[in-house]
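Novice: Can you keep this structure in mind? I'll have questions shortly.
The values are calculated or read from the model by the stated rules, or taken from the named source; none is laboratory data. From a predicted model like this one, the values you see are computed outputs, not experimental measurements. Glycine also receives a Cβ, built like all others from the backbone with ideal geometry; neighbour counts cover every protein chain displayed.
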Amino acid sequence: MFIFSVLGPSCNIKGFKDKPYPTPRVIVTTPAGVQQEDITLTYRLIEVDGTGSDISLEFSTNGGSTWNPGTAKGGDGTSNVKGYRFPGVQRTIVWDSLQDGITGTQTCRIKLIATKAGSGAVGTPGVTKDFEVQNPDFPVISWIARPEGAIRQVPLTFTWKLDTPTTPIANYYYGLDEDPPTTVTANTSVTIPAPSLGAHTFRVYAQSAAGLDSAILVADFTCDNAAVNQPPTVIITSGPSGATTDNTPTFEYLGGDPDGSVAGYFVSIDEDPPSNWTVSTTWTPPELAEGGHTFRVIAQDNEGANSSTASRSFTVTSTLNEPPTVAITSGPTGRTTDATPGFSYEGNDTDGVVTGYYVGIDTNPPTIWTTSTNWTSGTLLDGPHAFHVMARDDGDALSAVATRDFTVDTAGTGDPFSLPFEAKDMVFDAARLRIYACDSTDNRTVSMNALTGNIDEQVYHARMPEALFMTHDGTTLYVGLIESYSVDDFSQVSKIGLAGFTGAGGFDVTHRIYDIVATDTGIAVITNSRLDAVLTYDATSGVKISERYAGNANDRLRLHPDQRQVYGADTGLSPSDIGRFLIHDNGSITNEGDSFYHGDHRMDGNIWISPTSNYVVTRGADVFTAIPVRAADMRYLLSIANDAPFGGCVFYPEENLLAALEGSAVNYYNMQSFIRQGSTSLSDTGRFIGIMGGQVYVASFPGDGTTAIDYFDIPCIGGGTNTPPIAVADYSPKTGLTTSTNITFSATGSSDAEDGTTGLLYRWDFNNDGTFDTAWSLTATAQHTYNNNGLYLARLEVRDTFDLVRSHTFPVEISTDYFTTPDPTSFTIDGICVHVEPDPSRHYCYVSFPARHQVHEVNLQTGQVERTLTLSGGISALGLPPDGSRLYVGCISNSTDIYHEDLNGKIIIVDTGTFSIANTFEVEGDPFELQATDSGLLFVGAGTYGDQQLCIYDTNTGEKMATASIDVGSMIAVHPDQNEIIVAYSGSLKHHWLAANGSITASKTVNTGARRSVWCAPTGDFVLIANGEIRSLSDNASEDLALVDDIAFMYIRDAVLLDSKNSIFTIDDDTYFHLYAYGDLSHTTQFLYNHSFQEMFASQDTVFIIRRTAVTTEFIAVKPK
């Protein structure tokens, strides 16, 4: 039985002022995380006279600038809904976002309006903050060519195009004189037999793979043999518009003819009408001069009739317009007694001028236009607020939004607060500006007003409160209750509804609770003090769903922002470790393993997940990856230079800060570089920390049985919109370098959008051993002499005034003559990419960001991301055939269940020419490894233990052609003749021969120390495996897979085989980059490189070595001679 007792608000609240809110008043909670389709909104309805209200809903997709009527359904209904006096009655309503046209990924906010059912008086609406909605995309199609008006009685062609190329299409449905149409086709053009004389209607629509239908396209026409030939039509489907740096741009176009065929096209640049004849649907002009240009195209049909001219204007420029930057230079932070605060800000534009600013309070993006660099708000209510500003330049480019949080407190006491007990746990609610704390002496959880310091509300429990967790949507506070510290066999979970701070039920738990987290959907995840297990419960019914081994009884838990993963840190093991668990749709949980290190790094029993979801920080202040791909997760990145283990940690992305409790101080670190930016001393050791309303709140125990809560401004602000510097390194001389050459290294080409070159700091690691050879310095140059011959990867780091850091790593060769200098292009991409797949036919590569559901096309000559494709599902692998015509993307069908053992996956086929989805088909299991042939065979390797098989698919039909057993995580190599594959198993190697249809005709197996990795020689006569063995490839069974040589000093992490350069490159498990002769397999040389490099690939005889940091992926280019 659960006993709740609620203490109402005090009548004499410090700082209390009357604030007139006409009733009925709505207070709505912003949904947490990414929402989809039917979105449940929780709100409180306040009405003092007990009458009912009608609830209406509006939505905005532009930050509240304009509002649209929304579709409300479900929940507590919309008619005659009853409220009550403050804090009101908690209600729900459901917004049908899909019905209201929200497709793809959009940022939305909701306004709920209550109107008195009797009088029609409109009360005070409630408005959410911005939240993200990701809905399926409806397909959109449009006509290219169709018969219109009077048409001759001939076979007729109808041509349309898909305007949403990222939406996978299942089928098109068309028909003549039928509504809806029923004939199925996969094409975007059909020719029908000659219709009968008279009036007709042709219809067509698209149906997506998600089952969503486009609008029906309609073509009305009349067959009349007296009609004349209709001219063709043409549209431009691809090519630059606006500014481009490409002076030889390629244009694509498509023509259609309703009563014949298109014979060809006239094309031109800056010529009207165009005169260059071609039958191709793509055209690339000769090199163009800088300036404005216009591409034009005319289609001509089989009877010589011409279409109208289609044109596209563009500008060739050597540099694209860079967006401006803006920084807030003055205005309140933390608390202010000024209810009409003023702000100053300054914009900067590196290639133009700033023409003005958009500003606003609590509206992001801001919408108030001004040309002034000073702005004063209207009168604000007491409580937390945020000022936002965005700059616009003379090219109409907008800066990122700069934000400053502050709290209006007109009473202005500024005194620290105190709780009359030592809190067992504490939660900071920034949306409500409240502090929740549990009191194990009086068995209660209290709610403190962080503006006044008053305990306004409290809930009493039947047992001792031990742990607190607030759901991400801010609706529910979970309280872990224990019988006593000496009783392990029973505990409970209590739920508190935060809309009114009232008891909302609970459930019993076996064994004593240690920590708890819970999803917005009501799945509670619990660790305990007795069992080495993690348990999940249905928080509504109280039913235990699952129990999984955890390795340690006392695990601290952190819920990932996607609410499908939980990271844990054990507190009772020595050395301690971190691990991850996966929450499934049914609420069950699986243990997905711990880190790779087991004591090699500072874990120390607690963990925090970054709001960007790409890394975790441990109590020991070490940083590890948090990536939804098993092989890349929980990888060590760096160690923060801390003073003491973190007693608490809070991220503040608004200022790009991580604030950590370290004994009797709060230290502030840049969230990307982890460089310390400031510190605040405390009078006692901090126990709990939070950031609300632009201020830091710290709770400590002064030793008198109370909890002291102090609050203060953040000492280092302004970095929220700061952009990282650009690191550019050079050195001289570049040739003839020996161990006596004093080399000058220069970073003078580096820059920063906000700082220019003033104030930038530089440091150098000349041999990339991880230890910098120079300290941070304002001097952009340095000298160094190398003591030994060989290749070195030198590294420059550039740091701006807000401590963002970027690096440039580049090769320097001393005395030896293996590589081309100066080096090819090395570059850095923001974010941690997981999969990298080079294009065999072009100097491009494709990289995946599974957390973003994106694949980027990267130009390896410029280092620029040229095209991006956003996909549905969790990306698990990339693969390309030798001709580079298709990119195969392996996905887990459910993007949130990356690690599930029994999942089915899918393959998305991307046309690399248009960089659009060409087709999709389902596959069995987790597509972990992908290899392909030009003919369309795809080899799919398993990534989970539930499906240990190699599957061979015909990608033209999606049909599975053959299977073979395989180890989880095994690597597959395709022979250059594309009729053979080699698979590395754990301890063995298999060679399969294939028929044209993909079936396996013969196989041979040998036992090796393969460790699941294999690389096939481009000449096709041998393979290299991870233990360093060279094995022959032959159609003669007695000679096949014979041991030829053993070249490795250590196990090989990755390898590149370049017969054109007589080179084999390897990265080993130690710290060396090795070079071997391709012909005789002799060891040529080795170079120290650093553990941070673990992968490489080749493109057009250039080797790229990949280095990942907490926020970037660096590509270091090395070109052998």
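Novice: Among Thr1005, Thr1001, which is part of a strand (DSSP E or B), free of Cβ contacts under 8 Å to residues at least 12 places away in the same chain and touching a strand residue (DSSP E or B) at 6+ places or on another chain (Cβ under 9 Å)?
Specialist: Numbers: Thr1005 fails: free of Cβ contacts under 8 Å to residues at least 12 places away in the same chain.
Unique residue meeting the criteria: Thr1001.
Novice: Hand me the list of strands (runs of 3 or more DSSP E) wholly inside segment 243-321 holding 3 or more residues that are touching a Pro at 6+ places or on another chain (Cβ under 7 Å) and buried (at least 20 other Cβ atoms within 10 Å of the Cβ). Walk me through it before giving the result.
Specialist: On the way: elements: 251-256, 262-269, 276-278, 291-301, 310-316.
So the answer is 262-269, 291-301.
Novice: Of all residues in segment 182-199 being farther than 25 Å from Thr957 by Cβ and not small (Gly, Ala, Ser), which is surrounded by the fewest Cβ atoms within 10 Å (Cβ to Cβ)?
Specialist: Going through segment 182-199, the residues farther than 25 Å from Thr957 by Cβ turn out to be 192-199.
Retained after the next criterion (residues that are not small (Gly, Ala, Ser)): 192-193, 195, 197.
Details: Ile192: 15, Pro193: 8, Pro195: 20, Leu197: 11.
Checked segment 182-199; the qualifying residue surrounded by the fewest Cβ atoms within 10 Å (Cβ to Cβ) is Pro193.
Novice: For segment 859-884, which positions are in a strand (DSSP E or B) and without any contact (Cβ under 8 Å) to a residue 40 or more places away in the chain?
Specialist: We begin by selecting, within segment 859-884, every residue in a strand (DSSP E or B); these are 859, 865-870, 874-879.
The answer is Asn859, Val865, Glu866, Thr868.
Novice: Sticking with this one: Looking at segment 212-235, which of the residues that are among the aliphatic types (A, V, I, L, M) and outside any strand (DSSP E or B) is farthest from Asp163 (Cα to Cα)?
Specialist: Applying the first criterion (among the aliphatic types (A, V, I, L, M)) to segment 212-235 yields 212, 215-219, 226-228, 234-235.
Then keep just the ones that are outside any strand (DSSP E or B); that gives 212, 215-216, 226-228.
Numbers: Leu212: 15, Ala215: 12, Ile216: 14, Ala226: 35, Ala227: 32, Val228: 31 Å.
Of everything passing the filter in segment 212-235, Ala226 is farthest from Asp163 (Cα to Cα).
Novice: Does Ile917 fit the bill of being in contact with a Cys (Cβ under 8 Å, 6 or more places away or on another chain) and at pLDDT 85 or above?
Specialist: Numbers: in contact with a Cys (Cβ under 8 Å, 6 or more places away or on another chain): no; at pLDDT 85 or above: yes.
It is false that Ile917 is in contact with a Cys (Cβ under 8 Å, 6 or more places away or on another chain) and at pLDDT 85 or above.
Novice: State all residues of segment 405-424 that are assigned to a loop (DSSP other than H, G, I, E, B) and touching a residue at least 60 places away in the same chain (Cβ under 8 Å); if no residue qualifies, say none. Break it down stepwise before answering.
Specialist: Step one: filter segment 405-424 for residues assigned to a loop (DSSP other than H, G, I, E, B), giving 409-416, 420-424.
Answer for segment 405-424, where residues must be assigned to a loop (DSSP other than H, G, I, E, B) and touching a residue at least 60 places away in the same chain (Cβ under 8 Å): Asp409, Thr410, Ala411, Gly412, Thr413, Gly414, Pro416, Pro420, Phe421, Glu422, Ala423.
Novice: Tell me whether segment 88-100 contains one or more residues that are over 30 Å from Leu212 (Cα atoms), surrounded by fewer than 19 Cβ atoms within 10 Å (Cβ to Cβ) and not charged (D, E, K, R).
Specialist: Yes, that holds for at least one residue.
Novice: Hey, among Gly453, Gly500, which residue is over 27 Å from Thr92 (Cα atoms) and outside any strand (DSSP E or B)? Reasoning before the result, please.
Specialist: Working: Gly500 fails: over 27 Å from Thr92 (Cα atoms).
Result: Gly453 is the single residue among Gly453, Gly500 that is over 27 Å from Thr92 (Cα atoms) and outside any strand (DSSP E or B).
Novice: So which residues in segment 107-128 are surrounded by 15 or more Cβ atoms within 10 Å (Cβ to Cβ) and either in a loop (DSSP other than H, G, I, E, B) or modelled with pLDDT under 85 (or both), if there are any at all?
Specialist: Within segment 107-128, Ala117, Gly123, Pro125, Thr128 meet the criteria.
Novice: Could you please let me know if Ile607 is modelled with pLDDT under 90 and either surrounded by fewer than 21 Cβ atoms within 10 Å (Cβ to Cβ) or touching a Ser or Thr at 6+ places or on another chain (Cβ under 6 Å) (or both)? Give the steps one after another, and end with the answer.
Specialist: On the way: modelled with pLDDT under 90: no; either surrounded by fewer than 21 Cβ atoms within 10 Å (Cβ to Cβ) or touching a Ser or Thr at 6+ places or on another chain (Cβ under 6 Å) (or both): yes.
Considered against the rule, which asks whether it is modelled with pLDDT under 90 and either surrounded by fewer than 21 Cβ atoms within 10 Å (Cβ to Cβ) or touching a Ser or Thr at 6+ places or on another chain (Cβ under 6 Å) (or both), Ile607 comes out as no.
Novice: Looking at (1) in contact with a His (Cβ under 9 Å, 6 or more places away or on another chain); (2) under 19 Å from Gly913 (Cα atoms), which one does Asp246 not meet, given that it meets all the others?
Specialist: (1)
Novice: Of (1) of a type in the set (Val, Ile, Thr); (2) buried (at least 19 other Cβ atoms within 10 Å of the Cβ); (3) more than 27 Å from Asp755 (Cβ to Cβ), Thr379 satisfies all except one. Which?
Specialist: Status for Thr379: all satisfied but (2).
Novice: Separate question: Note down all Cβ pairs under 7 Å where the first residue falls in segment 51-63 and is buried (at least 22 other Cβ atoms within 10 Å of the Cβ), the second is β-branched (Val, Ile, Thr) and outside any strand (DSSP E or B), and they're at least six residues apart or on different chains.
Specialist: Cβ pairs passing all conditions: Ile55/Thr78.
Novice: Next question. Going residue by residue through segment 381-404, is there one that turns out to be under 30 Å from Val446 (Cα atoms), of a type outside the set (Val, Ile, Thr), touching a Phe, Trp or Tyr at 6+ places or on another chain (Cβ under 7 Å) and not in a loop (DSSP other than H, G, I, E, B)? Talk me through it step by step, then tell me what you get.
Specialist: Just the residues of segment 381-404 that are under 30 Å from Val446 (Cα atoms), to begin with: 381-386, 404.
Next cut, of a type outside the set (Val, Ile, Thr) only: 381-386, 404.
So of that shortlist, the ones also touching a Phe, Trp or Tyr at 6+ places or on another chain (Cβ under 7 Å) come out as 385, 404.
Among the residues that remain, those that are also not in a loop (DSSP other than H, G, I, E, B) are: 385, 404.
For segment 381-404, residues under 30 Å from Val446 (Cα atoms), of a type outside the set (Val, Ile, Thr), touching a Phe, Trp or Tyr at 6+ places or on another chain (Cβ under 7 Å) and not in a loop (DSSP other than H, G, I, E, B): present.
Novice: Kindly evaluate Gly256 against the criterion of being more than 30 Å from Leu197 (Cα to Cα) and of a type outside the set (Asp, Glu). Steps first, please.
Specialist: Values: more than 30 Å from Leu197 (Cα to Cα): no; of a type outside the set (Asp, Glu): yes.
Considered against the rule, which asks whether it is more than 30 Å from Leu197 (Cα to Cα) and of a type outside the set (Asp, Glu), Gly256 comes out as no.
Novice: Can you name the residue in segment 756-784 that is in contact with a Leu (Cβ under 7 Å, 6 or more places away or on another chain) and of a type in the set (S, T, N, Q) and, of all such residues, is modelled with the lowest pLDDT? Walk me through it before giving the result.
Specialist: The initial filter retains those residues of segment 756-784 that are in contact with a Leu (Cβ under 7 Å, 6 or more places away or on another chain), namely 761-762, 764, 767-769, 776-778.
Pick out the ones that are also of a type in the set (S, T, N, Q) and you get 767-768, 777.
Working: Asn767: 86, Asn768: 81, Ser777: 94.
Top of the filtered list is Asn768.
Novice: Here are Gly505, Gly579, Gly542, Gly568: which of them is of a type in the set (Gly, Ala, Ser), part of a strand (DSSP E or B) and at pLDDT 90 or above? Steps first, please.
Specialist: Numbers: Gly579 fails: at pLDDT 90 or above; Gly542 fails: part of a strand (DSSP E or B); Gly568 fails: at pLDDT 90 or above.
Going through Gly505, Gly579, Gly542, Gly568 in turn, just one is of a type in the set (Gly, Ala, Ser), part of a strand (DSSP E or B) and at pLDDT 90 or above: Gly505.
Novice: Inspect segment 983-997 for any residue being touching a residue at least 24 places away in the same chain (Cβ under 8 Å), touching a strand residue (DSSP E or B) at 6+ places or on another chain (Cβ under 7 Å) and under 30 Å from Thr237 (Cβ atoms) and give the result as yes or no.
Specialist: No, the conditions are met nowhere in segment 983-997.
Novice: Within segment 976-987, restricting attention to residues that are surrounded by fewer than 16 Cβ atoms within 10 Å (Cβ to Cβ) and small (Gly, Ala, Ser), which residue is farthest from Asn1036 (Cα to Cα)?
Specialist: Ser986
Novice: For segment 679-692, does any single residue satisfy the condition of being surrounded by 20 or more Cβ atoms within 10 Å (Cβ to Cβ), in contact with a strand residue (DSSP E or B) (Cβ under 8 Å, 6 or more places away or on another chain) and either hydroxyl-bearing (Ser, Thr, Tyr) or assigned to a loop (DSSP other than H, G, I, E, B) (or both)?
Specialist: No: segment 679-692 contains no residue that is surrounded by 20 or more Cβ atoms within 10 Å (Cβ to Cβ), in contact with a strand residue (DSSP E or B) (Cβ under 8 Å, 6 or more places away or on another chain) and either hydroxyl-bearing (Ser, Thr, Tyr) or assigned to a loop (DSSP other than H, G, I, E, B) (or both).
Novice: Pairs needed: first member in segment 197-211, of a type in the set (Lys, Arg); second member anywhere, outside any loop (DSSP other than H, G, I, E, B) and at pLDDT below 85; C-beta distance under 6 Å; at least 6 residues apart or different chains.
Specialist: That search, which allows pairs on different chains as well, returns nothing.
Novice: Considering only segment 145-165, I want to know if a residue exists there that is crowded, with 17+ Cβ neighbours inside 10 Å, without any contact (Cβ under 8 Å) to a residue 40 or more places away in the chain and under 24 Å from the mean Cα position of the chain (by Cα).
Specialist: Yes: one or more hits.
Conditions tested, residue by residue: (1) among the aliphatic types (A, V, I, L, M); (2) over 29 Å from Leu638 (Cα atoms).
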| site | (1), (2) |
| --- | --- |
| Ile689 | yes, no |
| Met692 | yes, no |
| Ile709 | yes, yes |
| Pro724 | no, no |
| Ala727 | yes, no |
| Thr758 | no, no |
| Asp765 | no, no |
| Thr781 | no, no |
| Thr785 | no, no |
